[in-house]
Ligand SMILES: [Ca+2]
Ligand SMILES: [Ca+2]
């Protein structure tokens with residue numbers, strides 16, 4: 001019986017030993033696979049990181065080049081703008097000098113830069129009427145003379161015209177179609193930076209669209225006021241009769 005038990009122990013021991021050996025082998029296999037997959041994952045992760053790093057570097061280089069290009073471009077534009085402004089200033093000075101020469105030439109030699117009875121100034125010709133007409137008649141009369149009711153585009157022009165008249169004259173400005181929207185006879189809206197409406201100390205400025213004597217208001221502009229001052233603009237009743245100023249291009253301007 002003891003032999004049987006001994007054999008039985010041996011069998012059990014052998015079986016247990018065999019199971020342990022098998023378990024160790026499985027564990028080793030599992031560890032090997034685990035290490036292999038860990039290595040693969042690490043390699044893959046490293047490759048991804050290298051790609052990401054490469055992309056970041058490429059993006060940084062691209063942005064640096066773009067910024068450099070943008071800065072150079074802005075610098076060029078600023079330089080060009082400065083050049084153009086200087087050239088424009090030079091041209092403006094040359095234009096003014098040429099106009100002064102033309103004025104002197106016209107005054108001294110009687111060269112026909114303008115038609116008879118027209119006065120030359122600043123490359124334009126002006127006709128100061130001696131007869132009175134309402135605004136519409138004045139406008140049409142200027143056209144028949146080859147010009148148009150005067151369009152004032154600068155302080156110099158305003159000063160020149162004001163120096164030439166002693167009574168109010170129609171100019172080519174009206175707000176007939178829309179009250180308060182002043183337009184010149186060439187349909188250009190009044191430039192708010194070049195307007196010379198009469199201002200009064202008491203605040204009763206022009207244009208006032210005065211309706212006391214004429215309910216329809218005042219829709220036509222004139223240089224000077226009927227009360228005397230001629231250096232500023234006033235709005236008046238379009239059917240009133242006044243002298244007027246026509247304008248036309250000079251033969252050389
Ligand atoms: Ca008006
Ligand atoms: Ca008025």
query: Based on the Cβ-Cβ distance of residue 84 and residue 59, what FRET efficiency does E = 1/(1 + (r/R0)^6) give at R0 = 51 Å, to the nearest 0.05?
result: 0.90
message: What's the ranking of 179-187, 221-229, 121-129, 36-44 by average number of surrounding C-beta atoms within 10 Å, highest first?
response: 121-129, 221-229, 179-187, 36-44
Cα-only Debye scattering, region 119-249: base-10 log of I(q)/I(0) at q = 0.13, 0.20 Å⁻¹: -0.47, -1.20
- prompt: Which order do peptides 75-87, 157-169 fall in by mean Cβ count within 10 Å, highest first?
  reply: 157-169, 75-87
message: I need to check one value: relative contact order of region 119-249, counting alpha carbon pairs closer than 8 Å and at least 6 residues apart, in percent.
response: 39
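Every number here is computed from the coordinates shown, using simple stated rules; none is lab data. Just so we're clear, the structure is a prediction, and the values are computed from it rather than from any experiment. Don't worry about glycine lacking a Cβ; one is built from the backbone with ideal geometry, like all the others, and counts go over all protein chains shown.
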